[in-house]
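The values are calculated or read from the model by the stated rules, or taken from the named source; none is laboratory data. Predicted model, so just to flag it, every value in this text is computed and none were measured. When we count neighbours, we look across all protein chains shown, and the Cβ atoms used for this are built from the backbone with ideal geometry, even at glycine. The area values use the complete protein model at the heavy-atom level, side chains included, leaving out ligands, DNA and RNA. Shrake-Rupley method; radii C 1.70, N 1.55, O 1.52, S 1.80 Å.
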Amino acid sequence: MDKLRIRGGRRLAGEIVISGAKNAALPELCAALLTPERVQLQNVPRLQDVATMTRLLRTMGVVAEAAGNGEATVTLVAADVRSREAPYEQVKTMRASILVLGALLTRFGEARVSLPGGCAIGTRPVDQHIKGLQAMGADIVVEHGYIVARADRLAGARITTDMVTVTGTENLMMAATLASGETILENAAQEPEVTDLAEMLIAMGARIEGHGTSRIRIVGVDRLHGVSHRIVADRIEAGTFLCAVAAAGGDALLRQARGDHLEAVIDKLREAGATIDVGEGWLRVRADARPRAVSVRTSEYPSFPTDMQAQLMALDCIADGAATITETIFENRFMHANELARLGAKIDIDGRVAVVQGVERLSGATVMATDLRASAGLVIGALVADGETTIDRIYHLDRGYDAMETKLRALGADVERVSA
Ligand code: EPZ
């Protein structure tokens, strides 16, 4: 397993380009199942999860080709989808595979998708996905670890999910595009990735309004056509680099970043003492002093995102003062705390609340990544720690960050990937 070796204590300065959003790319790859015509996605991030999803679609019979010249463009044609199944072997490696369910069911009337099972950060059930599709008339049984769904044609329905669910909203929105009649999604997720998916679906001929709010209205159509769509920039990747500079100090320019998708994060980092300029498609972050401790409570968009919680915790570890971090979305998303403590951090966990007492310095050590965003938090911890830190199991990082070490080196960090 690959490791990252980082020598901390350096200021970060330079310029990087933010990649397309993982959490938009994954549902948008699945949206190709909704039409037999050619779908082209641009600005596709080079991520393990994207490769996994593309492989899953290919096993179903979707023709998927990446542009030869290394361009981040993928073309998909779902004209001959022989299999409507997402097998356990593939779903277990990436729970976002559940996103094929709504598209398969509404286009082909059948789907057999393995239950994702839990993951490191929580049980993460998919009961809301199932409930919503049943409200649209699907006949669904869960047997032998699989969701087996059938429907002659889904019918529009009014669906209120018990909680805000990002992929639940995306699955139901995709299912509704080819259903008969009107679907109203109440309590819908407002994340920019949901909005980007809606815009892609509208460009394919779907009738959708209200995306980006908690109430999305979809009127079903008989078919969708092909599209060429550019994937929205990854706000969590951008937020991760903003947080790294705010913690380590420096002056960095992030190109192809959307400040309007990061308002809660930018507010927090300004509160911590960073200077952040928001331009048209770029962000500049400067920090030249020890950050001030900032407390946060994660919540659904547009509040502070759970996917930035580990990164902010790493900043708080060396900040001036004490901070309280409350994680409201997932029940077990503090695993990075024990690893940060190996670097010398002082963190007390009580259920969903972490209290971080900032210390002057962290010292390098060997730590282990446990999940995608925890890895990002450990990278930030390593960047500010004295001496050398080795982060093990960075396959977690590779799932969601496109060439993280290359971008960090472009900012002057002393980081190398060590292949085991
Ligand atoms: C999406 O996961 C993201 N993944 C996650 O990003 C992100 O952390 C999460 O949304 C929250 O923003 C993708 O978009 C591929 P949820 P998702 O359904 O959709 C509960 C990353 O690091 N719930 O919004 O799976 C659930 O347990 C990943 O990029 C149910 O109980 O999250 C959680 O407590 C990690 N039943 C809460 O709702 C359901 O049917 C929010 O989950 C669905 C969800």
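List of remarks:
- Any chance Leu41 is among the hydrophobic types (A, V, I, L, M, F, W, C), more than 16 Å from the ligand (Cβ to nearest atom) and closer than 21 Å to Glu191 by Cβ: no
- Tabulated pairs, segment 324-339, first under 19 Å from Thr390 (Cβ atoms) and in contact (Cβ under 8 Å) with a residue 40 or more places away in the chain, second more than 9 Å from the ligand (Cβ to nearest atom) and part of a loop (DSSP other than H, G, I, E, B), C-beta under 6 angstrom, 6+ apart or interchain: Met335/Thr370
- Segment 56-98: number of residues that are more than 16 Å from the ligand (Cβ to nearest atom), among the charged types (D, E, K, R) and within 25 Å of Val232 (Cβ to Cβ): 3
- Within segment 132-141, tally of residues that are within 13 Å of Ala175 (Cβ to Cβ) and open to solvent by 30 Å² or more (accessible area, probe 1.4 Å): 3
- Checked against the criterion of being without any contact (Cβ under 8 Å) to a residue 12 or more places away in the chain and within 16 Å of the ligand (Cβ to nearest atom), the candidates Ala31, Ala21, Ala25, Ala51 yield just one match: Ala51.
- Number of the condition not met by Thr213 [criteria: (1) touching a residue at least 60 places away in the same chain (Cβ under 8 Å); (2) within 26 Å of Thr306 (Cβ to Cβ)]: (1)
- Here Ile329 meets each of (1) open to solvent by 20 Å² or more (accessible area, probe 1.4 Å); (2) over 20 Å from the mean Cα position of the chain (by Cα); (3) β-branched (Val, Ile, Thr) with one exception, condition (2).
- Number of residues in segment 370-404 that are open to solvent by 20 Å² or more (accessible area, probe 1.4 Å), in contact with a strand residue (DSSP E or B) (Cβ under 7 Å, 6 or more places away or on another chain) and closer than 28 Å to Ala24 by Cβ: the value is 1.
- Restricting attention to segment 338-369 and to residues that are within 15 Å of the ligand (Cβ to nearest atom) and either in contact with a Phe, Trp or Tyr (Cβ under 6 Å, 6 or more places away or on another chain) or small (Gly, Ala, Ser) (or both), the residue that is most open to solvent (accessible area, probe 1.4 Å) turns out to be Gly351.
- For segment 202-229, the set of residues classified as within 16 Å of the ligand (Cβ to nearest atom), touching a Leu at 6+ places or on another chain (Cβ under 9 Å) and either of a type outside the set (A, V, I, L, M, F, W, C) or part of a helix (DSSP H, G or I) (or both) consists of His211, Ser214, listed by residue number.
- Within segment 108-127, not a single residue is surrounded by 21 or more Cβ atoms within 10 Å (Cβ to Cβ) and in a helix (DSSP H, G or I).
- Residues satisfying the stated conditions in segment 248-283, i.e. part of a helix (DSSP H, G or I) and open to solvent by 10 Å² or more (accessible area, probe 1.4 Å): Ala248, Asp260, His261, Glu263, Ala264, Asp267, Lys268, Arg270, Glu271
- When Ala13 is tested against (1) under 30 Å from Asp251 (Cβ atoms); (2) part of a strand (DSSP E or B); (3) out of contact with any Gly (no Cβ under 6 Å at 6 or more places or on another chain), exactly one condition is not met: (3).
- Members of segment 289-305 that are hydrophobic (A, V, I, L, M, F, W, C), more than 16 Å from the ligand (Cβ to nearest atom) and either out of contact with any helix residue (DSSP H, G or I) (no Cβ under 9 Å at 6 or more places or on another chain) or touching a residue at least 40 places away in the same chain (Cβ under 8 Å) (or both): Ala289, Ala293
Results for (1) under 17 Å from Ala32 (Cα atoms); (2) open to solvent by 10 Å² or more (accessible area, probe 1.4 Å); (3) at pLDDT 95 or above, shown as yes or no for each residue.
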site	(1), (2), (3)
Glu143	no, yes, no
Ala155	no, yes, yes
Glu170	yes, no, yes
Thr177	yes, no, yes
Glu191	no, yes, yes
Met200	yes, no, yes
Ala203	yes, yes, yes
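- Hits in segment 205-230 (condition: open to solvent by 10 Å² or more (accessible area, probe 1.4 Å), β-branched (Val, Ile, Thr) and in contact with an Asp or Glu (Cβ under 9 Å, 6 or more places away or on another chain)): Ile208, Val219, Val227
- All conditions in (1) within 16 Å of the ligand (Cβ to nearest atom); (2) closer than 30 Å to Thr370 by Cβ hold for His144, with the sole exception of (1).
- Lone qualifier among Ser114, Ser180 - being more than 21 Å from Leu224 (Cβ to Cβ), small (Gly, Ala, Ser), away from the ligand (no atom under 13 Å from the Cβ) and touching a residue at least 24 places away in the same chain (Cβ under 8 Å): Ser114
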